[in-house]
Amino acid sequence: MMSRRPLLVFTLVLALIPNIPGMPPFWITLLDNIGLAALVAMGLVLLTGVGGLTSFGQAAFCGFGAYTTAYLTTVYQISPWLTLPIALGLAGIAAVVLGIVTVRLSGHFLPLGTIAWGISLYYAFGKIDALGRHDGISSVPPLAIGGWSLRDPAAMYYVIWAFVLLAGIATLNLLDSRVGRAIRALRGGRVAAEAFGIDSARIKLIVFVYAALLAALSGWLYAHLQRAVNPTPFGLNAGIEYLFMAVLGGSGQIWGAVAGSALVTLLKDVLQRVLPWMTGSTAQLETIVFGILLVVILQVARDGIWPLILSRLPGAPPRRIDDKAPALAARQRETRSDGPMLELAGATKAFGGLVAVNEVSFALKPGEIVALIGPNGAGKSTTFNLITGVLGLSRGSVRFAGHDISGVGQRAIAAHGIARTFQHVKLLPEMSVLENVALGAHMRGRAGVLSSILRLDRDEEVRLFAEASRQIARVGLAEHMHKPAGSLALGQQRIVEIARALCLDPTLLLLDEPAAGLRHFEKEALADLLRQLRAEGMSVLLVEHDMGFVMGLTDHIVVLDFGSKIAEGKPEEIRVHPAVLAAYLGGTA
Ligand code: ADP
Ligand code: MG
């Protein structure tokens, strides 16, 4: 992230450029084009770089913005400024419709989907009579401020770059917020996000629409800069170029979008002028050379060019934590004075012919630590996935605090107060420990997109981060709070997951092999923490292979083998249980 001062310097430089004596007007036009492209690329940085959703179709949304204003200003003589909200509104509606269909697609079907509608919209622009078919619409009026017409590219320069700066700041604000963390969590996969109450489909749609709005804004500006529109700049080629800009700039880097747009726009321009002059041929060599150069640049700067620039700028200081921030409201706890907290009855999960969990029944009382043990492949993690709604039950039921939660989705289960960690750590390695843990408190915050962009969420953010830092201190990782989560040892990353789960303020904690990879004294500390949580009334279900750890800590043990429960009881009973010794400890007993 960039601190304030470079942004200020950047703004000043931008303001001065057109005033440089002898500045060729042609350069201003180039800068206008860079700014227009940067707006689109910025949306892609959020969508693709941060959210991991690849779109080749952004140019079509530019077309929405451009054609809307071209049509309304020429046919109905509506003032250009009034067409801006209309253009954004139409593009927004189109994005919601296309987004609902597209973001559901996974893997390579998503980019293919965006290619499909990118091509269709391009042809639609060229086929509609009212939009002038392939000739498009000309005589689009210029923008005007007061009586001053912005006919001149140098005047448009200020408008375009003002929008670029505003969009950049808005996007940075959005990223640095509760919604922004949810957007970043998309990369970690659906399961980890939904476990903390993040509606990943909704978040995907939000970034999709946001990126489309920036593209439409760019198109709207383009129409009034060019004073004419036709389908060519809104086709698939342009869509691919925008993606290049975002990737070259540095995936995930907002200002990288500006750097990437500048690089691609200038490179193309230089090649278009220099190559024919060098080779004396009019063949379109520039496309080939351009492609080769892009590959070379990406070889040299794998993460794009912005990180190279960023390393020369002063970095932002680590986030300040306000220890005195008022605590987040505690969640309404599901409590039980009688009866079990969690109850599995005949829980069964079959994967095709493989019955991974077979008629498993057991119960967990409030304030109890129960261990689920068994050899590898016994069905322990699958049982966790059945309880947390990651997988649906084939048969049987799961009850939590008296409610039947069989067949309930992950988010609703999280909302009941069940938090978990994963056997295969699911953290966002590049995000700080603090921000990863704050994700756990997602459901305890309210702030949405608009309040994030307008920075109205600051009080809530301070409280969310105070809570996250408290939980990090509680698990003993305070000194690592500001480091990227991926830089910690794997054992410590598991502990970070516990802090994240605690941020949900759960009633039941499910820990899948929490002590794996920990050193002896770290295991002791973890056991102490779990005892303390139990003393506070939390119930814990854990999977663990270290029998010393399990025996000394748990109230009750359930043993699985090949998906079936073969024993349950107190640790001292399990220790000498013949079936357990045979199946589980067999080799070592
Ligand atoms: P444990 O956590 O006890 O080591 P798991 O619950 O991960 O065991 O796995 C139990 C069995 O179910 C294993 O044989 C595993 O290969 C199988 N299994 C787990 N998840 C899936 C899945 N999504 N699809 C097919 N088989 C699975
Ligand atoms: Mg497992």
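The values are calculated or read from the model by the stated rules, or taken from the named source; none is laboratory data. If you're wondering where the values come from, they're calculated on a predicted model, not measured in any experiment. Every residue, glycine among them, receives a Cβ derived from its backbone with ideal geometry; neighbour counts consider all protein chains shown. All accessible areas refer to the heavy atoms of the entire protein, side chains included, with ligands and DNA or RNA removed. Shrake-Rupley method; radii C 1.70, N 1.55, O 1.52, S 1.80 Å.
Things worth noting here:
- Potential extension, Arg395-Ile20 segment - 0.36 nm per residue separation minus Cα distance: 127.5 nm
- Here the Debye sum runs over all C-alpha atoms of segment 503-563 as equal scatterers in vacuum, and log10 of I(q)/I(0) at q = 0.16, 0.18, 0.26, 0.28 Å⁻¹ comes out as -0.53, -0.67, -1.28, -1.41.
- Cα point-scatterer Debye curve for segment 193-248, base-10 log of I(q)/I(0) at q = 0.17, 0.22, 0.23 Å⁻¹: -0.72, -0.95, -0.99
- Here the label points at Ile240 and Arg202, each 7 Å from Cα along the C-beta direction, are separated by 3.8 nm in the simple model.
- Residues whose amide H falls under 5 Å from that of Leu342, counting only those 5 or more places apart or on a different chain, are Leu364, Ala401, with hydrogens built in the peptide plane.
- A probe of 1.4 angstrom, applied to the heavy atoms of all protein chains, finds Lys127 with accessible area near 120 square angstrom.
- Among 309-319, 44-54, 153-163, 350-360, the order from most to least packed when residues are scored by Cβ within 10 Å on average: 44-54, 153-163, 350-360, 309-319
- For Ser261, Ser381, the ranking by accessible surface with the largest value first comes to Ser381, Ser261, using a 1.4 Å probe.
- Relative contact order %, segment 427-581, counting alpha carbon pairs below 8 Å whose residues are six or more apart: 20
- Using alpha carbons only: equivalent-ellipsoid semi-axes of segment 183-289, gyration tensor based, whole Å: 35, 18, 11
- Protection proxy ranking, peptides 168-177, 6-15, 264-273, average beta carbon neighbours within 10 Å, highest first: 168-177, 264-273, 6-15
- Taking amide H as placed 1.01 Å from N in the peptide plane, the amide H of His482 sits under 5 Å from none that are at least 5 places away or on another chain.
- Projected over all directions and averaged, the alpha-carbon convex hull of segment 390-512 occupies 8.6 nm².
- Note on Tyr123 and Val296: the model spin-label points, each 7 Å out from Cα along the C-beta direction, lie 3.8 nm apart.
- Each residue of segment 389-397 was assigned a 3J(HN,Hα) from its phi angle through the Karplus curve 6.51 cos²θ - 1.76 cosθ + 1.60 (θ = phi - 60°); the sequence is x, 5, 10, x, 6, 7, 8, x, 8 Hz, with glycine and proline shown as x.
- Which of Lys324, Lys570 is most accessible, then next, and so on - probe 1.4 Å: Lys324, Lys570
- Viscosity 0.890 mPa s, temperature 25 °C, Stokes-Einstein D of segment 245-342 from Kirkwood C-alpha radius, µm²/s: 136
- Alpha-carbon centroid distance for the pair segment 367-441 / segment 75-115, whole angstrom: 36
- Counting only DSSP H runs of at least 4 residues, each contributing -39500 (n - 2.57), and dividing by the residue count of the chain, the helix-based mean residue ellipticity at 222 nm comes to -17000 deg cm²/dmol.
- Amide H contacts of Gly440 (H built 1.01 Å from N, under 5 Å, at least 5 apart or other chain): none
- In a fully extended conformation the segment linking Arg458 and Ile145 would gain 109.3 nm over its present Cα-Cα distance, using 0.36 nm per residue.
- Percentage relative contact order, segment 73-188, counting C-alpha pairs under 8 Å, at least six apart: 17
- The heavy atoms of Phe549 offer some 20 square angstrom of accessible surface to a 1.4 angstrom probe.
- Translational D in µm²/s for the chain (Stokes-Einstein at 37 °C, 0.692 mPa s, Kirkwood Rh from C-alpha pairs): 123
- Across His482, His416, the residue with the most accessible area heads the list, and the full order at a 1.4 Å probe is His482, His416.
- Across segment 228-244, coupling constants 3J(HN,Hα) worked out from phi with the 6.51/-1.76/1.60 Karplus curve, θ = phi - 60°, read 6, 9, 8, x, 3, x, 10, x, 5, 4, 5, x, 5, 4, 4, 5, 4 Hz, and Gly and Pro carry x.
- Dipole in debye (nearest 20) - segment 247-342, about Cα centre, beta carbon charges: Lys, Arg +1; Asp, Glu -1: 240
- Between segment 1-58 and segment 174-249, the alpha-carbon center distance in angstrom: 16
- Cα centroid of segment 257-290 to Cα centroid of segment 473-544, whole Å: 54
- Per residue, the accessible area of segment 316-380 comes to 54 Å² when a 1.4 Å probe rolls over the protein heavy atoms.
- Phi-based couplings in Hz for segment 446-458 (Karplus 6.51, -1.76, 1.60; Gly and Pro marked x): 10, 3, x, 4, 5, 5, 5, 4, 8, 6, 8, 9, 5
- Sites Val289 and Arg531 - FRET efficiency at Förster radius 60 Å, r taken between beta-carbons, to 0.05: 0.35
- Given charges at Cβ of Lys, Arg, Asp, Glu: the chain dipole, positive-most of Phe362, Gly197, Leu44: Leu44
- Whole-number D in µm²/s for segment 1-106 (Stokes-Einstein; Kirkwood sum over Cα pairs; 25 °C, 0.890 mPa s): 147
- Calculated P(r) of segment 102-248 - Cα pairs past 22 Å, %: 54
- Beta bridges per DSSP with both ends in the chain, % antiparallel, nearest 5: 60
- Binning the C-alpha pair distances of segment 305-436 at 10 Å intervals from 0 yields a P(r) profile of 10, 30, 27, 16, 11, 6, 0 %, listed from the shortest bin outward.
- Placing one equal scatterer on every Cα of segment 381-427 and applying the Debye formula, the log10 ratio I(q)/I(0) at q = 0.20 Å⁻¹ is -0.62.
- Positive minus negative residues near Val425 (Lys, Arg vs Asp, Glu; Cβ under 13 Å): +1
- A compact globular protein would have a Cα radius of gyration near 2.2 N^0.38 Å; the ratio found for segment 438-589 is 1.28.
- Segment 331-463: relative contact order as a whole-number percent, Cα under 8 Å and 6+ apart: 22
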